[in-house]
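The values are calculated or read from the model by the stated rules, or taken from the named source; none is laboratory data. Everything numeric in this text was worked out from a predicted model, so none of it was measured. Here the Cβ positions follow ideal geometry from the backbone for every residue, glycine too, while neighbour counts run over all protein chains shown.
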Amino acid sequence: MKTLQTLVTLTFMICASVNYAQEDENKTKNSSEEIVTKIIRIKGPNGEEKVIKKQEVIKKKSQIKLNPGDENKTNQSAQYTEDEVIVQKSHSSSDMEKYNKVSDDKGFVITFLKKEGNQVSKVRPIGSGYYLVNMGEKDNCVGHFDKDKNFILEAYDTKTDEIITTVYQAN
């Protein structure tokens with residue numbers, strides 16, 4: 001009886017480990033993650049060097065679908081669909097524009113310090129840490145602060161049908 005119990009336990013453990021090994025193998029086949037870091041060094045006219053570091057995390061994941069023709073079969077074949085690609089960008093402090101803010105009675109006035117000229121905008125809180133930023137007559141954006149006190153401005157571009165994100169660093 002003891003031998004039979006040991007044999008059943010051993011068989012169960014082998015089956016469980018084979019199943020686990022196959023599960024991990026399938027997870028690595030249909031997803032991947034890649035980190036791309038770009039470092040650009042620019043020397044200024046007075047000899048100072050500016051380093052711009054950008055990092056992107058690229059995640060690819062494909063879905064596994066069973067062939068519809070194999071519906072009633074015991075051993076079905078699978079197909080991988082096209083990859084779903086997610087790109088997450090990060091900004092370095094050297095490629096961010098700066099901002100200054102001054103409180104007023106309803107929110108604050110923010111000055112975006114840009115290379116082509118400064119832009120002054122009214123900023124009003126709309127809740128949950130988000131702010132409505134008035135960039136002109138018809139240009140309103142949504143902004144929020146991140147953990148590093150950078151002001152992240154998000155605007156909708158009607159020409160490209162995309163959200164444009166600009167990160168401003170505290171001055």
Count of region 121-144 residues which are under 11 Å from residue 155 (Cβ atoms) and not in a loop (DSSP other than H, G, I, E, B): 5
Of all residues making up region 145-171, the number that are of a type in the set (Asp, Glu) and in a loop (DSSP other than H, G, I, E, B): 3
Region 71-101: number of residues that are under 28 Å from residue 121 (Cα atoms) and either modelled with pLDDT of 70 or more or not basic (Lys, Arg) (or both): 12
In region 131-143, the residues that are closer than 13 Å to residue 108 by Cα and either aromatic (Phe, Trp, Tyr) or touching a residue at least 12 places away in the same chain (Cβ under 8 Å) (or both): 131, 133, 134, 143
Residue list for region 100-127, filter: of a type in the set (Gly, Ala, Ser) and over 27 Å from the mean Cα position of the chain (by Cα): 103, 107, 117, 121
